[in-house]
Amino acid sequence: MYKKYRKQKNVIDEIINLDFSGDLKIIDADISKADGVESFYSFIKENIDSVDVLINNTGVFLGGNMLNESENELMEMLNTNLLSAYRLSKKVIPSMIENGSGQIINICSVVALQGYPSGGSYAISKHALLGFTRSLREELKDKNIKVTAVHPGATLTDSWNGVDLPAERFIPVEDIADLVYSISVLSKYSVVEDIVIRPQLGDI
């Protein structure tokens, strides 16, 4: 719990240091679980009138050969990488339909486009997230709701802690944030359906 709180506090401090002028509200909710999604959605309804943009970026990577991974590891990644987005999207979509606008951006992975030899269950979860994203796009496009799949390559996050590679070998997290923001401010007449971003030197 201390590590979670410390990371949360770091995010708050970073936003304050950027002279963030908006109204920042935070809740600690584990949305890999159905009751966590319920808590988070209740928090949303209490604090804002409607959701304009939903970015599903909850994820976990547990590496290993798929034949040696346990089913529990697969289920953890499915719950975190897929079902968090599935459940939360279904919560906010009705209000987006009512408003006649909205955008859902799912952070998938280059692994969703091609298998990964030391992360089989992770690839399963990300392929499933991409399938969900593309199906949702078809269901919602005539309702003026945009749905986008973002496929980052290796990005410099905590998932890579302990890896002996220079920071220059990774995508900076700021680049992903800038990309997502750019997608979200397009006119209502355009949508980015899929976008791939990799480190300049290629996949790791």
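The values are calculated or read from the model by the stated rules, or taken from the named source; none is laboratory data. Computed from a predicted model, the values in this text were never measured in an experiment. Here the Cβ is made from the backbone with ideal geometry for all residues, glycine too, and neighbour counts use every protein chain on show. For the accessible areas, the whole protein counts, side chains as well, though only heavy atoms, and no ligand, DNA or RNA atoms are used. Shrake-Rupley method; radii C 1.70, N 1.55, O 1.52, S 1.80 Å.
Out of all the residues in segment 56-86, which are open to solvent by less than 40 Å² (accessible area, probe 1.4 Å) and farther than 22 Å from Gly36 by Cβ?
Gly64, Glu69
Pairs only if they're at least six apart or on different chains, beta carbon under 7 angstrom, first in segment 24-45 and open to solvent by 30 Å² or more (accessible area, probe 1.4 Å), second part of a loop (DSSP other than H, G, I, E, B) and at pLDDT 95 or above; list them, first residue then second.
Listed by first residue and then by second, the contacts come to Phe40/Ile31.
Kindly list, by first and then second residue, each pair from a residue in segment 133-159 that is under 16 Å from Asp203 (Cα atoms) and polar (S, T, N, Q) to a residue that is modelled with pLDDT of 95 or more and not in a loop (DSSP other than H, G, I, E, B), limited to pairs with Cβ atoms under 7 Å and residues at least 6 apart or on different chains.
Thr155/Ile171; Thr155/Ile176
Show the residue pairs that are 6+ apart or on different chains and have beta-carbon atoms under 6 Å apart, the first residue being within segment 59-79 and among the small types (Gly, Ala, Ser), the second being exposed (fewer than 14 other Cβ atoms within 10 Å of the Cβ).
Gly63/Ser118
Can you say whether Ala177 is within 13 Å of the chain's Cα centre (by Cα) and not in a helix (DSSP H, G or I), as far as the supplied structure shows?
So Ala177 fails the test.
Here are some conditions: (1) in contact with a Ser or Thr (Cβ under 6 Å, 6 or more places away or on another chain); (2) among the aliphatic types (A, V, I, L, M); (3) at pLDDT 95 or above. Ile55 meets all but one. Which one does it not meet?
The number of the failed condition is (1).
Mind checking whether some residue in segment 74-86 is part of a helix (DSSP H, G or I) and of a type in the set (Phe, Trp, Tyr)?
Among the residues of segment 74-86, at least one is part of a helix (DSSP H, G or I) and of a type in the set (Phe, Trp, Tyr), which makes the answer yes.
When both residues are 6+ apart or on different chains and their Cβ atoms are under 7 Å apart, which pairs have a first residue that lies in segment 101-120 and is closer than 15 Å to Lys90 by Cα and touching a residue at least 12 places away in the same chain (Cβ under 8 Å), and a second that is open to solvent by less than 10 Å² (accessible area, probe 1.4 Å) and part of a helix (DSSP H, G or I)?
Sorted first by the residue in segment 101-120, then by its partner, the pairs are Gly102/Met96; Ile104/Ser89; Ile105/Ile183; Asn106/Ala85; Asn106/Leu129; Asn106/Thr133.
Does Ile197 qualify as being touching a Pro at 6+ places or on another chain (Cβ under 7 Å) and on the phi < 0 side of the Ramachandran plot?
Yes, satisfied.
It is to be established whether one or more residues within segment 90-112 are farther than 27 Å from Asp178 by Cβ, at pLDDT below 95, exposed (fewer than 14 other Cβ atoms within 10 Å of the Cβ) and in contact with a strand residue (DSSP E or B) (Cβ under 9 Å, 6 or more places away or on another chain).
no
Across segment 161-204, what is the number of residues that are touching a strand residue (DSSP E or B) at 6+ places or on another chain (Cβ under 8 Å), open to solvent by 80 Å² or more (accessible area, probe 1.4 Å) and farther than 18 Å from Val110 by Cβ?
Residues flagged as touching a strand residue (DSSP E or B) at 6+ places or on another chain (Cβ under 8 Å), open to solvent by 80 Å² or more (accessible area, probe 1.4 Å) and farther than 18 Å from Val110 by Cβ within segment 161-204 amount to 0.
Could you grab me the full set of residues in segment 60-83 that are closer than 13 Å to Ser125 by Cβ and among the polar types (S, T, N, Q)?
Matches in segment 60-83: Asn79, Thr80, Asn81.
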